[in-house]
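I have placed the structure first, in the form of C-alpha cells, so that the comments after it can refer back to it.
The values are calculated or read from the model by the stated rules, or taken from the named source; none is laboratory data. Every value quoted in this text rests on a predicted model; they were computed, and no experiment measured them. Neighbour counts are summed over all protein chains in view; Cβ atoms, including those assigned to glycine, are modelled from backbone coordinates with ideal geometry.
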Amino acid sequence: MDALGILKPLLTTLFLPPGGLLLLLGLACVLARHHRRLAWTLVGSSLVLFWVLSCHATAYGLNRWLLPSYPALTEADLPRAQAIVVLGGGVNLYAPEYGTPVMGPSAQARLQYAAHLKRQTGLPLLFAGGKGWASSTAQASSEAEVAAASLLRDTGMRIEWLDQTSRDTRENALRAHEVLAPLGKTRILLVTNDWHMARSVKQFENVGFQVIPAPMGYVQPPQNPLFDYLPSTGALGTTQLILKEWLGLLLT
C-alpha cells in the first residue's frame, strides 16, 4: 500500500493536465519523422485540449458534470453533530514573513470555516493531516501542527485533537475514527472543499462515521462571458483537481 500511495501523486502529475498534454506533445515529436500526419494531429489535439481545459467555464462544467455537489450547511444540521473534523489541504513551507510554515490556501480556508463552526456550536475539533505522500523531506512539522499553531496565533482557539500521521483521505478517516469512536463521537461535521466532499464522505462512512457534510470552497460559476473562455493557470489547476477527484471517486 505504501508503494501505491507514493505512486499516486507521481502518476496524477504525469497523466492529468498539464502533464498528460505535454506527454502527448512529446510523443508527437517522436513520431514527427516517420508519421508526420499523426504527429500533427497529436499537436493540434494537444493545443486544443490545453486551451479548453485551461478555461474556467470548462472547470466549472466538469465539476458539475463529474462530481456531486453538496448544499451549504444549515443551522438545522448543527445539533445532530458531536464533533467537527476538518481535512488538511497542504502546507507552504516557505513563509519568511512568519518565520514558520503556514497553511496553503485551501487548507487555510477549510480551517477558517471549521473555526467558524466551532464558534457557532462549541463542538470539539479534530484536524486531520500529517505529511502527504508528495511532501518534501524538508517538512519537519505535520500539517496538523501547523494548523494548530496558525489557529492559536490568529484566533486564540485551540484544536482538541491533531491527527499528525495520515497521508491521504483514506488515512484521515481511519485515524479520525481511532480517536473519536472510543469517545462515542461518530456523528461528525466534515469540513472540506465541495469538490473534495464526495470522496471524503465515502471514506469516512466506510470506517463507521455518520457524516454531516459541511462543504466550502465551491468552484465559482462563470461570471464573465469573455474571460471565462480564455485560458488561465488558475482554471487549469482547478480542472486538474476535479479530474483527480473524479478518478479518486471511481477508485474508492
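Quick notes on this structure:
- Count of segment 158-174 residues which are surrounded by fewer than 23 Cβ atoms within 10 Å (Cβ to Cβ) and part of a helix (DSSP H, G or I): 4
- Odd one out for residue 34 among (1) over 22 Å from residue 249 (Cα atoms); (2) modelled with pLDDT of 95 or more: (2)
- Members of segment 74-88 that are aliphatic (A, V, I, L, M) and crowded, with 20+ Cβ neighbours inside 10 Å: 81, 83, 84, 85, 86, 87
- Some residue of segment 111-128 being more than 22 Å from residue 80 (Cβ to Cβ) and part of a helix (DSSP H, G or I): yes
- Here residue 91 clears all of (1) of a type outside the set (Asp, Glu); (2) buried (at least 17 other Cβ atoms within 10 Å of the Cβ); (3) more than 30 Å from residue 25 (Cβ to Cβ); (4) modelled with pLDDT of 95 or more except the condition numbered (4).
- Here residue 76 does not qualify as part of a loop (DSSP other than H, G, I, E, B) and aliphatic (A, V, I, L, M).
- Here residue 98 does not fit the description of being aromatic (Phe, Trp, Tyr), within 21 Å of residue 167 (Cα to Cα) and either over 15 Å from the mean Cα position of the chain (by Cα) or not assigned by TED's automatic domain parsing to the domain that holds residue 143 (or both).
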